[in-house]
Amino acid sequence: MVSLPLDCDFLERTDSFLLLFLSQVHSAWYMVIKCKAAVLWEINKPLSIEEVEVAPPQANEVRIKIVSTGICRSDDHVINGSLVYPTPIILGHEAAGIVESIGEGVTSVKPGDKVIPLFTPQCKQCKACKHPVANLCSANDLTSSKGTLRNGAIRFTCRGKPIHHFLGTSTFTEYTVVDEISVVKIDPASPLEKVCLIGCGFTTGYGSAVKVAKVTPGSTCVVFGLGGVGLSVIIGCKSAGASRIIGVDINKEKFSKAKEVGATECINPLDYQKPIEDVLVEMTKNGVDFSFEVIGRLDTMTAALQSCNNAYGVSVIVGVPPNAQNLSVNPMLLLTGRTWKGAIFGGFKSKDDIPKLVSDVIAKKFKLDPLITNVSSLDKINEGFDMLRSGKSIRTVLIM
Ligand code: PAD
Ligand code: ZN
């Protein structure tokens, strides 16, 4: 393991210095870090701030000091049981940090590098990674839900018990360990307190518009759900040149922010007697070109599909659906020519694309500031989740 930048001339001076050096490396190899983390012991319970032990990174692993982490609805889906993961677990998957140490064989990052952990890894070996468009690396832990690193290992311990990893990232902790395929180096000039959003919310929403739906100039779009991810879809639709972007949310408090980032109008389904899909088809004379479900509900997934034009509309599922629930739809909705698709992480190949998106943020091509409504600390994480649930925040960023 390499954990400290060392002066090589120093090694040549005397054997005793060499021994000192080796003993430093040896102790670093075994160095467990004790730090603060938020542990979910069981579902439907608040997170508990605990002292955890973070084991050193083994071969092809990287230990990261987390600097900032956002609270995403996907974390809440685990807390409320709609996304099933083993407990106890350290959640969090939208973060930025600095490499503290690396295991044997790690070449793409070194201690001191600014990095973003990747909840969708990129191994560059599997069929999906080699596919020109696909991004769901087969080493992901979203579809397997094992709650471990790639080789089945767990590097967290608390009160003598192993604590599971989440999506190969686990960022609600001062230090985490990830596989090398689940971390990427970013520009040293990156503002870490903001670019954590590139690790999930912004990238997922933005990519869903520009990469997955491939929104076209002059088109009409509708976005169901105006949280951090939905607002990022709007940013993507606007940058792709959509001329009409309709925001849909049952919380009208979300409308001003949606308009600030590019929505041309916003509607609340609760203001209408008829189904929202009928309202949208009427408003847009036969349905929108592109629709996005960014909530994670079955009824709004169907409504979004029905809102798009029956001959050529494209509807994208972004929201994570509740565990073990199925949709029943009339195939006629698709037979006429609609396309229904979904994607993880906005279709971006994480290792390749994240550094470019971060550079775009530094170059002020996008602003993440409108998405960050609250800045808080790890100790106040449960309040951050309460703000998300009550609709009072877009993204809370915890500074560690
Ligand atoms: P959020 O809770 O901040 O936003 C959801 C919004 O939907 C809120 O503004 C709600 O008011 C609104 N809403 C709730 N119910 C309804 C309804 N019936 N009709 C209209 N609006 C409603 O969540 P978020 O933006 O953090 O995440 C949104 C979804 O995206 C969520 O399911 C999350 O798990 C998923 C997600 N997917 C990926 C991915 O890779 N596909 C990544 C990150 C998040
Ligand atoms: Zn997320």
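The values are calculated or read from the model by the stated rules, or taken from the named source; none is laboratory data. This is a predicted model, so every value here is computed, not measured. Heads up, the Cβs are rebuilt from the backbone with ideal geometry, glycines too, and the neighbour counts pull from every protein chain shown. Remember, those area values only see protein heavy atoms, side chains included, never the ligands or the DNA or RNA. Shrake-Rupley method; radii C 1.70, N 1.55, O 1.52, S 1.80 Å.
Which of (1) within 16 Å of ligand 2 (Cβ to nearest atom); (2) part of a loop (DSSP other than H, G, I, E, B); (3) at pLDDT 95 or above is the odd one out, the single condition G147 does not satisfy?
Failing condition for G147: (1).
When the residues of the stretch 150-172 are filtered to those that are closer than 23 Å to N323 by Cα and outside any loop (DSSP other than H, G, I, E, B), which remaining residue is farthest from the chain's Cα centre (by Cα)?
Top of the filtered list is I163.
In the stretch 296-390, which helices (runs of 4 or more DSSP H) lie fully inside it and hold 2 or more residues that are of a type in the set (G, A, S)?
In the stretch 296-390, the matching helices (runs of 4 or more DSSP H) lie at 298-307, 350-362.
Test each condition in (1) within 16 Å of ligand 1 (Cβ to nearest atom); (2) under 24 Å from A139 (Cβ atoms) for T176 and report the one that comes out false.
Answer for T176: the failing condition is (1).
Filter the stretch 63-75 down to residues that are closer than 13 Å to V195 by Cα and within 16 Å of ligand 2 (Cβ to nearest atom) and give me whichever is farthest from the chain's Cα centre (by Cα).
In this case the residue turns out to be I66.
Those residues that are within 15 Å of ligand 1 (Cβ to nearest atom) and either free of Cβ contacts under 8 Å to residues at least 24 places away in the same chain or out of contact with any helix residue (DSSP H, G or I) (no Cβ under 6 Å at 6 or more places or on another chain) (or both), I need them from the stretch 279-298; list them, please.
V279, I295, G296, R297, L298
Residues N44, N60: which one is touching a residue at least 40 places away in the same chain (Cβ under 8 Å), open to solvent by 50 Å² or more (accessible area, probe 1.4 Å) and more than 16 Å from ligand 2 (Cβ to nearest atom)?
N60
What is the one condition in (1) in a loop (DSSP other than H, G, I, E, B); (2) open to solvent by less than 10 Å² (accessible area, probe 1.4 Å); (3) over 30 Å from T107 (Cα atoms); (4) small (G, A, S) that S190 does not satisfy?
Here S190 meets the rest and fails (3).
In the set L118, L142, which member is open to solvent by 10 Å² or more (accessible area, probe 1.4 Å) and aliphatic (A, V, I, L, M)?
Of L118, L142, the one residue that is open to solvent by 10 Å² or more (accessible area, probe 1.4 Å) and aliphatic (A, V, I, L, M) is L142.
Here is a yes/no grid of residues against (1) open to solvent by less than 40 Å² (accessible area, probe 1.4 Å); (2) small (G, A, S):
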{"site": "S48", "(1), (2)": "yes, yes"}
{"site": "S68", "(1), (2)": "yes, yes"}
{"site": "D75", "(1), (2)": "yes, no"}
{"site": "N80", "(1), (2)": "no, no"}
{"site": "A95", "(1), (2)": "yes, yes"}
{"site": "G103", "(1), (2)": "yes, yes"}
{"site": "T107", "(1), (2)": "no, no"}
